[in-house]
1. In angstroms, what radius of gyration and Dmax does the chain have, counting Cα atoms only?
2. With contacts defined as alpha carbon pairs under 8 Å and 6 or more residues apart, what's the relative contact order of region 38-162 in percent?
3. Just add up the charged neighbours of residue 44: K/R +1, D/E -1, any other residue whose Cβ is under 11 Å from the Cβ of residue 44.
4. Suppose each label sits 7 Å from its Cα in the direction of the beta carbon; what would the residue 103-residue 30 distance come out to in nanometres?
Amino acid sequence: MIWLIAALAVLLVCFAGVLLRGAPYLPTLTPQVEAALELADLKAGDTLLELGCGDGKVLVAAARKGINVVGYELNPLLVLVCWLRTRRYRKQVRIIWGDFWRKPWPEAQAIFVFLLPKYMPKLNKYIVQYKHKPVKLISFAFAVPGKTASAKKNGVMHYEYK
């Protein structure tokens, strides 16, 4: 019984604890993944940065197109899932376990997020200060306050930062 309680506590910390830093784990649906990659309009060899890569679905879809991807994930269980899911693309995929607000972001041509609305102003500020521009922000579900999306598809928004 103690093992069950301990396992539940670990799951609670891993999945609910991330709410303090970003968003809960919700898988991105296939139509939104396809829309995100279409809106990002990246070429093979370009880099996509995913802030909160969850189960790695976006990482795999991008890697299949020849895109290099760097995914950040705070939940250690999802980092393991991501690592297992992306192993065949290990030359194109880099998974970073940690808080993307506190880690340096590498150069990328696009950034994909599925964050809660309360974090979008903070994200905008980070991207405005991001030294590798131009960069595209692709956001599923939530808009950047005060910024107009240049394109939208299936609930996915595309923003340009120059």
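1. Over the chain's Cα set, Rg and Dmax evaluate to 15.6, 56 Å.
2. Numbers: 241 pairs, mean separation 30.0, N = 125.
Relative contact order comes out at 24 percent.
3. Values: positive: 43, 64, 65; negative: 46.
Taking every Cβ under 11 Å from that of residue 44, the sum is +2.
4. It works out to 2.9 nm between the two label points.
Since every read-out is calculated from the coordinates, none of them should be taken as a lab result. Since the model is a prediction, treat every value here as computed from it, not as a measurement. In this analysis, Cβ positions are derived from the backbone assuming ideal geometry, glycine residues included, and neighbour counts consider all displayed protein chains.
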